[in-house]
Amino acid sequence: MNEQTLREPAPRNASIPNDNVIVAENLNIMFDTNDHPISALQDVNLNVQRGDFISLIGPSGCGKTTLLRAIADLTPVTSGHLRVNGMSPHTAREARAYGYVFQAPVLLPWRTVLRNVTLPLEIAGMAKSDRIACARENLALVGLKDFSMKFPWQLSGGMQQRVSIARALSFKPSLLLMDEPFGALDEITRDSLNVHLHDLWRRTGMTTIFVTHSIPEAVFLSTRIVVMSARPGRILRVIESDLPMPRSLGIRDTAAFTALAHDLREALRDGHSYD
Amino acid sequence: MTRIFPLATVMLALIIVWYAGAYVLNAPQAINLMDPDGPHNFWAVVQAAWNMDRPVLPTPGQIATNLAASIFGNPLFSPRNFLLQTAYTAETAVTGLAGGVVLGIFLAIGIVHSRVLDRSLMPWVITSQTIPILAIAPMVVVALGNIGLTGLVPKAAIVGYLSFFPVTVGMVKGLRSPDAMQMDLMRTYNTKKMSLFVKLRWPVAMAFLFPSLRVAASLSVTGAIVAELPTGAQVGLGARLLAGSYYGQTMMMWGALVLASLLALALIGMVRLGEFWLCQQRGGRL
Amino acid sequence: MNGMALGTMACTTACILGLLARLLIGTSWALPLALLALAASIWASVRLARQNDRLSMIASPVIFGLTILWAWEMLVVGLHVPFILLPPPSAIALALVTHFGELANDFDQTVLHAVLAGYAIGCGGGFLIALAIDRSLFLQRGLTPLANMISAMPIIGIAPIAIEWFGFDWPSKAAVVVLMTIFPMLVNTRAGLQQTNPMEQDLMRSYGAGYIHTLIKLRLPAALPMIFNALKLNTTLAMIGAIVAEFFGTPTRGMGFRISVEAARMNLDIVWATIAIAALAGSSSFALIGWAERRITSWHPSFHTRSLS
Ligand SMILES: Nc1ncnc2c1ncn2[C@@H]1O[C@H](COP(=O)(O)OP(=O)(O)OP(=O)(O)O)[C@@H](O)[C@H]1O
Ligand SMILES: [Mg+2]
């Protein structure tokens, strides 16, 4: 199996070495539980370049969230090498290098939608008028301009998740980490949010790491898809997606899309073998 | 309507039972006191039983009349005016409550932020809830009296001591109630302790603060009354209760009891008002 | 060396230094020794607070408590604080021994008679009323808000009236305790009986279980945690009720009587001794009920999540 753990292919913009946003080498993460330690990630090697849209896909419990949390300095690394923007994850977090979208919206119920979006800006110490302008802009970006004075529970699940995306975008991070952001939504909402996200990514050029369980979603959004194996989590394959840009939902009916999805399904099936 | 109607019915039943009880309990004495030449029919006995000077059980109407007489029949600053006595008790209760709440909140903040305080102090805070704290009231009054502190201070100290426990316990729980996801979110913003407190811990804890405040408000009136007992029964509703007890003045005791209850309900009402206001600020949810 | 061993060492050092300081009080040695002992014990609690094992979890508050007691003793004796302001713990311990007979007599009057009788009747009564109104939504809606309101009032004020009705001896105190405990029990039992969800009730219905069966097999067990909450809350309320009621008049025995009389006579050591007994009685009955709760409701899901967190 270990031979299959791929060292990333040569970066596309090799001329600019600083373009490595995330570098993971022989990354291992173990959890201490009451009986025996659990190995969540084993020998993970990954290289993410500026402007990439990476999807992480794999069976439940394979360590996708763990990898994302390690990049965000929410979970400590047990051994190996991990750099974010050339810094340690801790320094990167202190420099507010990334926006994180959790699986649930995690909106603070006592704040209006607008004030939820301004929260990170308040903490960063931005002036009031600036942060309100900034929040309004980002709410407009996710199509929630008219809901800024509502409270979170007055919004549907999909709208709440859009607010949390607007919040993650509010301080214009160069790196966006998303953990199954659309997991709990219906198919149609999900489609429209996928289109939204794709346009956003195209416009801003933000490096994005996106965890999902959905094959079409991964293929539709990504430049590269990282397939992980069941526990202990390892990188099984990295599938390049060279579907033309910009993409629209219609692309899902093309032969190229179907072929990629098929490829991905095969890779996933390998990862699922519990031997 | 489905809420008010049952409550109103039960209240009405309570008042009827009260009047009936007043008749049953007072009638034997009332008959003894009645003019032997007057009419002795049932209605006359009822009238007498409901209008005794020193009844075993006064009727609600009697208590109300008596209170009205005390409040409107005396100058405002006469010690015989129950309103003045209530004001004394309210002053003690509110001063002590304010002190206790501030102390309780600071203690909770300390416990939440310091592992040492959490491990060593918190078990004692919990244990002291199981101790009949009010029992120390006479001692506090005597001890503080000995170093020259008399009047409001020792009484407010007792009330403060009594009301800070529920606040501390509630706020420790509240300040710890942000869930793991919310904490992670704040961590991704590289939030410092101070911001974390202002933006997350404190607002989350509000849902716990108000129930604690209600308990503390109710305790503060009890505390104020008990604190007034050992001061040689000078001022306040507690003193009225004690004096009524000494001189067998039933109406005085009932009047003090009713006003103390109203005071407690008023304080709780004020807490509710604050809760309602904050709720409005947050769009209808706390 | 690990934190545990360091903590124990610091603790032992603190004990020895503390003892020495107490013996040498009045000499110039006392102050530096006392400061050293204080530093050592604070350091010990800080060390132990960082440990996560059971022993440290217990040791940390115990050391904290002992440090407070010892500092109290040193301050009161060393600074010549007047006895009538604050007696030293040693004097309180002495009073516990020399006045044992008297104090035991008070305990019998207040706790074994007034509190026990009032608590049993109050808790039992509140429980039975809650059961009795279980089938009438109307009575529940009428009585529950009323009970809630009354439990927020200063019921203790009823004490002088209870004395008029039931006399000076313990029954009047028990009556106050009954009134103080009955409403919290009523409110909590009602809340507890409403804990089961419709799905569980449907399950019972699918077994063809009647009202009584559903009550005994499902709803009462589900209500137990709330009932235990009321039992715990009521121990404190009962002690307060009985002691404070005695401030209004009592035969010449009882803990409340002792406290008010000896406080007026400036015998603060006896007052503190009585308070220590009350504290011990209060917290040990609390602990007893807590133990019973763990034995009886250990299966309950609410208990699991609580013990985990
Ligand atoms: N805090 C923790 N303590 C112990 N074990 C953990 C912890 N967090 C995760 N794990 C373990 O690590 C493994 C990977 O978990 P992770 O949450 O990263 O999976 P995932 O790929 O995100 O799964 P899913 O798709 O279901 O969200 C799991 O087997 C889990 O048991
Ligand atoms: Mg996950």
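The values are calculated or read from the model by the stated rules, or taken from the named source; none is laboratory data. This one's a predicted model, so the numbers in the text were calculated from it and none came from an experiment. Here Cβ is always computed from backbone atoms with ideal geometry, including for glycine, and neighbour counts include all displayed protein chains.
Annotations
- Odd one out for C:Asp202 among (1) surrounded by fewer than 16 Cβ atoms within 10 Å (Cβ to Cβ); (2) away from every other protein chain (no Cβ under 12 Å); (3) under 18 Å from C:Phe107 (Cα atoms): (3)
- Per-region count, the range A:179-194, residues within 16 Å of ligand 1 (Cβ to nearest atom) and among the acidic types (Asp, Glu): 2
- Screening B:Thr65, B:Thr9 for residues that are assigned to a helix (DSSP H, G or I), β-branched (Val, Ile, Thr) and more than 14 Å from every other protein chain (Cβ to nearest Cβ) leaves exactly one candidate, B:Thr65.
- Filtering the range B:124-149 to residues that are in a helix (DSSP H, G or I) and more than 7 Å from chain C (Cβ to nearest Cβ) leaves B:Val125, B:Ile126, B:Ser128, B:Ile133, B:Ala137, B:Val140, B:Val141, B:Leu144, B:Gly145.
- A:Asp73 being touching a helix residue (DSSP H, G or I) at 6+ places or on another chain (Cβ under 6 Å), away from ligand 2 (no atom under 16 Å from the Cβ) and acidic (Asp, Glu): yes
- Residue check, C:Phe138 away from every other protein chain (no Cβ under 14 Å) and of a type in the set (Phe, Trp, Tyr): no
- Single condition A:Leu197 does not satisfy, out of (1) assigned to a helix (DSSP H, G or I); (2) in the same structural domain as A:Leu121 (by TED's automatic domain parsing): (2)
- Filtered residue count, the range A:94-105, keeping only those that are farther than 13 Å from A:Phe171 by Cβ, at the interface with another protein chain (Cβ under 8 Å from one of its Cβ atoms), of a type outside the set (A, V, I, L, M) and in contact (Cβ under 8 Å) with a residue 12 or more places away in the chain: 1
- On inspection, A:Arg167 does not qualify as out of contact with any Leu (no Cβ under 9 Å at 6 or more places or on another chain), modelled with pLDDT of 90 or more and either of a type in the set (Gly, Ala, Ser) or away from ligand 2 (no atom under 16 Å from the Cβ) (or both).
- Single condition B:Gly248 does not satisfy, out of (1) crowded, with 21+ Cβ neighbours inside 10 Å; (2) facing chain C (nearest Cβ under 9 Å); (3) on the phi > 0 side of the Ramachandran plot: (1)
- Residues that are surrounded by 19 or more Cβ atoms within 10 Å (Cβ to Cβ), within 16 Å of ligand 1 (Cβ to nearest atom), within 12 Å of chain B (Cβ to nearest Cβ) and under 23 Å from A:Glu180 (Cα atoms) do occur in the range A:106-124.
- Scan of the range B:12-51 for residues that are in contact with a His (Cβ under 9 Å, 6 or more places away or on another chain) and in a helix (DSSP H, G or I), ordered by number: B:Ile31
- Pair list, Cβ < 6 Å and 6+ apart or interchain, from the range B:189-207 residues that are β-branched (Val, Ile, Thr) to residues that are in a helix (DSSP H, G or I): B:Thr191/A:Ile123
- Tallying residues that are hydroxyl-bearing (Ser, Thr, Tyr) and touching a residue at least 40 places away in the same chain (Cβ under 8 Å) within the range B:232-260 yields 1.
- Evaluation of B:Asn51 against the conditions (1) touching a helix residue (DSSP H, G or I) at 6+ places or on another chain (Cβ under 8 Å); (2) within 30 Å of C:Gln51 (Cα to Cα); (3) free of Cβ contacts under 8 Å to residues at least 12 places away in the same chain shows that the sole unmet condition is (2).
- Restricting the range B:1-40 to residues that are surrounded by 13 or more Cβ atoms within 10 Å (Cβ to Cβ) and among the aromatic types (Phe, Trp, Tyr) leaves a set whose member that is nearest to the chain's Cα centre (by Cα) is B:Trp18.
- The residues of the range C:228-287 that are free of Cβ contacts under 8 Å to residues at least 40 places away in the same chain and among the charged types (D, E, K, R), listed by number, are C:Glu262, C:Arg265.
- Positions within the range B:170-185 being buried (at least 22 other Cβ atoms within 10 Å of the Cβ) and in contact with a helix residue (DSSP H, G or I) (Cβ under 8 Å, 6 or more places away or on another chain), in sequence order: B:Gly170, B:Met171, B:Val172, B:Gly174, B:Leu175
- Filter result (among the aliphatic types (A, V, I, L, M) and either in contact with a strand residue (DSSP E or B) (Cβ under 8 Å, 6 or more places away or on another chain) or within 16 Å of ligand 1 (Cβ to nearest atom) (or both)) within the range A:129-178: A:Ile165, A:Ala168, A:Leu169, A:Leu175, A:Leu176, A:Leu177, A:Met178
- When the range B:105-120 is limited to residues that are out of contact with any helix residue (DSSP H, G or I) (no Cβ under 6 Å at 6 or more places or on another chain) and of a type outside the set (Ser, Thr, Tyr), the one that is nearest to the other protein chains (Cβ to nearest Cβ) turns out to be B:His113.
- Test: residue in the range C:250-269 that is at pLDDT below 90 and in contact with a Gly (Cβ under 8 Å, 6 or more places away or on another chain): yes
- Failed item in (1) surrounded by fewer than 20 Cβ atoms within 10 Å (Cβ to Cβ); (2) modelled with pLDDT under 90, with A:Arg93 passing the rest: (1)
- Flag if A:Thr65 is within 16 Å of ligand 2 (Cβ to nearest atom), within 14 Å of another protein chain (Cβ to nearest Cβ) and among the polar types (S, T, N, Q): yes
- Only listed residue being crowded, with 18+ Cβ neighbours inside 10 Å, away from ligand 2 (no atom under 16 Å from the Cβ) and not small (Gly, Ala, Ser), chosen from A:Thr208, A:Thr189, A:Thr258: A:Thr208
- Scan of the range A:17-73 for residues that are acidic (Asp, Glu) and either buried (at least 24 other Cβ atoms within 10 Å of the Cβ) or more than 9 Å from ligand 1 (Cβ to nearest atom) (or both), ordered by number: A:Asp19, A:Glu25, A:Asp35, A:Asp43, A:Asp52, A:Asp73
- Residues being away from ligand 2 (no atom under 11 Å from the Cβ) and either free of Cβ contacts under 8 Å to residues at least 40 places away in the same chain or of a type in the set (S, T, N, Q) (or both) - total across the range A:29-62: 13
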